[in-house]
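Readers should treat all values here as calculations from the given coordinates under stated rules, not as data from a laboratory. Please read these numbers as outputs of a predicted model, since none were measured by experiment. Positions of Cβ are backbone-derived with ideal geometry, glycine not excepted, and every protein chain shown enters the neighbour counts.
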Amino acid sequence: MEPTSGTFARWWKTMNRPSTRYSLLAISFVGFVAGIIFWGGFNTAMEATNTLEFCTTCHEMRDTVYQEYKETIHFSNRTGVRAVCSDCHVPKDWTHKIIRKAQASGEVWGKLTGTIDTKEKFEAKRMELATHEWDRMKGNGSRECRNCHSFESMSPDLQKQTPYKKHMKAKEEGKTCIDCHKGIAHHLPKEYVDPDE
C-alpha cells in the first residue's frame, strides 16, 4: 500500500528508494553509532533525574517531604547506608522504570500548573498524593522496598522478637511493606486513619 498524496508521497518514495551512494554496511554502521549515542544520552538523562539533588530542586519537595525524610533512618543511621528518593520511588528494572517516569511526568504537571506550589497547597493534597503512592507500592508488592529489605533476609537472632514475629505473620498473610509502614519516611496526612486502630 503506497501513499498517494503530494508531499508525503514524494517523501515516502524517497525513503523507500535504495541508496546509490552509500553501502548497506555504511548505513547500518551510522545507524548503530547514532543508536548508541542516543541510548547513552537518554540513559544519562534518565539517571540524572534519579539523584537526590534533582529531586530536591523544586521547593515543594525540598521544603516538605525532604525535610521529613532527613529525620528518618533512611537518611541517617548507624551503618551509613542512605536510601535516596529514587530508591523508594523509582523501580530499578528498565521496563518498570520507564513506566514510573511516564507517571512522574503527570506529577511534574502539578508543579507546572501550581496545584502544589505552596506548603499549604501541598498539605491540602498530601492525602491524595500519599494514597496514589501507597496504591502504587501495594500494587507492585513494595518492589522498591524489597531492593533492600526481604522477609527471607530477616534474622530471628538479630531482629527484636516483636517485629520479627510481625514480619513473619505479614509474610504468611501475603502482606507487603506498605501495608504496615505508611509514614516510614514522610509524615502521614492529617486525614489518615489507621485501619488497625
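Of LYS101/LYS138; LYS138/LYS169; LYS97/LYS138; LYS111/LYS138; LYS70/LYS166, which ones are farther than 21 Å apart at the Cα? Violating the 21 Å limit, Cα to Cα: LYS111/LYS138; LYS70/LYS166. Of all the options LYS92, LYS138, LYS165, the one that moves most in a Gaussian network model of the chain with Cα springs shorter than 10 angstrom is LYS165. Under the combined filter of DSSP loop state and at most 10 neighbouring Cβ atoms within 10 Å, segment 22-95 retains none of its GluC sites (Glu not before Pro). The spacing between segment 160-197 and segment 55-91, judged by their C-alpha centroids, is 20 Å. Using the Cβ-Cβ distance between ILE36 and ALA9 with R0 set to 30 Å, the FRET efficiency from 1/(1 + (r/R0)^6) comes to roughly 0.35. Considering only ILE73, PHE42, MET168, and ranking their Cα positions along the charge dipole of the chain that arises from unit charges at the beta-carbon of Lys, Arg, Asp and Glu, the one farthest toward the positive end is PHE42.
For the chain, the list of Cys residues with no other Cys C-beta under 4.7 Å reads CYS58, CYS88, CYS148, CYS180.
Computed from the Cβ-Cβ distance with R0 of 45 Å, the FRET efficiency linking LEU129 to ARG21 stands at 0.20. Magnitude of the charge dipole for segment 30-148, about its Cα centre and with charges confined to Cβ atoms of Lys, Arg (+1) and Asp, Glu (-1), is about 320 debye. Given that just one value was derived from the coordinates, which of [x] -0.45; [y] -0.25; [z] -0.35 is log10 I(q)/I(0) by the Debye sum over Cα atoms at q = 0.08 Å⁻¹? Recomputing log10 I(q)/I(0) by the Debye sum over Cα atoms at q = 0.08 Å⁻¹ here gives the entry labelled [x]. If you take all other residues with their beta carbon under 13 Å from the beta carbon of LYS121, and give Lys and Arg +1 and Asp and Glu -1, the sum is -2. Across segment 34-45, computed HN-Hα scalar couplings (Karplus, 6.51 cos²θ - 1.76 cosθ + 1.60, θ = phi - 60°) run 4, x, 5, 5, 4, 4, x, x, 4, 5, 4, 5 Hz from first to last residue, x flagging Gly and Pro. Under a 5 Å amide H cut-off, with hydrogens placed 1.01 Å from N, HIS187 pairs with nothing among residues at least 5 apart or on other chains. Angle of helix 94-113 to the longest C-alpha principal axis of the chain, folded into 0 to 90 degrees and rounded to 10: 80°.
Across segment 65-77, rounded Karplus estimates of 3J(HN,Hα) from the backbone phi angles (6.51 cos²θ - 1.76 cosθ + 1.60, θ = phi - 60°) give 5, 5, 5, 5, 4, 5, 8, 9, 5, 6, 8, 9, 7 Hz, Gly and Pro being marked x.
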